[in-house]
């Protein structure tokens, strides 16, 4: 069994040295290489490999699946950056800023197509794997659209938010694990448990992100506290504060959402505390974390084979608070 760190290194070496892009036209493929070679956590493809290794030695089918997943993930990032008008990705200028809007759109499109081309090399259980991948891809698009819709709404509820982050973030983690497991010969029951593990892990991770953006140590996170507050982003904290607030607190929240001054972040942080939203968010992280670990525990393989997944999940969920 490999550790998460070992699999990152193995995948990175294979991925960056076997990118499928031709040299020409450079105006199409250079931006693709630019995005893929500035790095990334590679969590999704490595989860695919880890899911595979739970049940068998990592095979070629799993490598093809992992590559397809990473190409698809980067396609979503490229198009998300365009929709968000984001100037930076991983500390570097985004593709559409560096090469132009047309290049960003076309490069995202071709990354998506190459992701399917990688999956086409799979020899085992391809129809089952492809159906799962297609279902997930549709859900990711739905999640992104919901996230954009929420920017125009003032009546978003917690359950809607959880549904959105499940589709936008969690299902691809879950899909990665399940695809790897199926290609390793897992039963449908074990593969389904791994899927639920990944889904709940993803939800917990995003809720933790919401919390850390507000209350995390800025020097350790590498970014300013309260970025979501400044952007009026509808996070779990904001929605729970609105849900719990009394009439006076609701009025304060509405007022601060109209503000852009330096006082906004500390004022909203205080409201998150006063309404119990901060505590509720921490409890939600613990709830979905526990659900994730319960699902992993139910996967019918020896505990020592699951140690790397347990370690990775703990690492993702125990960042600085």
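The values are calculated or read from the model by the stated rules, or taken from the named source; none is laboratory data. Given the structure is predicted, the values throughout are model-derived calculations rather than measurements. With ideal geometry, Cβ positions are generated from the backbone for all residues, glycine too; neighbour counts draw on all protein chains shown.
Listing for the model above:
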| quantity | calculated |
| --- | --- |
| Residues satisfying the stated conditions in segment 55-90, i.e. assigned to a loop (DSSP other than H, G, I, E, B) and either free of Cβ contacts under 8 Å to residues at least 40 places away in the same chain or buried (at least 17 other Cβ atoms within 10 Å of the Cβ) (or both) | 55, 57, 58, 59, 85, 86, 87 |
| Long-range neighbours under 6 Å by Cβ, at least six apart or interchain, first residue touching a residue at least 40 places away in the same chain (Cβ under 8 Å) and at positive phi within segment 285-311, second in a loop (DSSP other than H, G, I, E, B) and exposed (fewer than 14 other Cβ atoms within 10 Å of the Cβ) | none |
| Selection count where residues are in contact with a helix residue (DSSP H, G or I) (Cβ under 8 Å, 6 or more places away or on another chain) and either crowded, with 22+ Cβ neighbours inside 10 Å or in a loop (DSSP other than H, G, I, E, B) (or both), scope segment 141-163 | 3 |
| Residue, nearest to residue 49 (Cα to Cα), within segment 168-192, restricted to residues that are touching a helix residue (DSSP H, G or I) at 6+ places or on another chain (Cβ under 8 Å) and not in a helix (DSSP H, G or I) | 184 |
| Test: residue in segment 128-138 that is closer than 14 Å to residue 235 by Cα, under 21 Å from the mean Cα position of the chain (by Cα), surrounded by 19 or more Cβ atoms within 10 Å (Cβ to Cβ) and at pLDDT 95 or above | no |
| Conditions (1) surrounded by 15 or more Cβ atoms within 10 Å (Cβ to Cβ); (2) more than 19 Å from residue 190 (Cα to Cα): number failed by residue 26 | (1) |
| Unmet requirement for residue 23, which otherwise passes all of (1) in a helix (DSSP H, G or I); (2) farther than 29 Å from residue 128 by Cβ | (1) |
| Boolean, residue 111 is under 19 Å from residue 39 (Cβ atoms), within 20 Å of the chain's Cα centre (by Cα), without any contact (Cβ under 8 Å) to a residue 60 or more places away in the chain and assigned to a helix (DSSP H, G or I) | no |
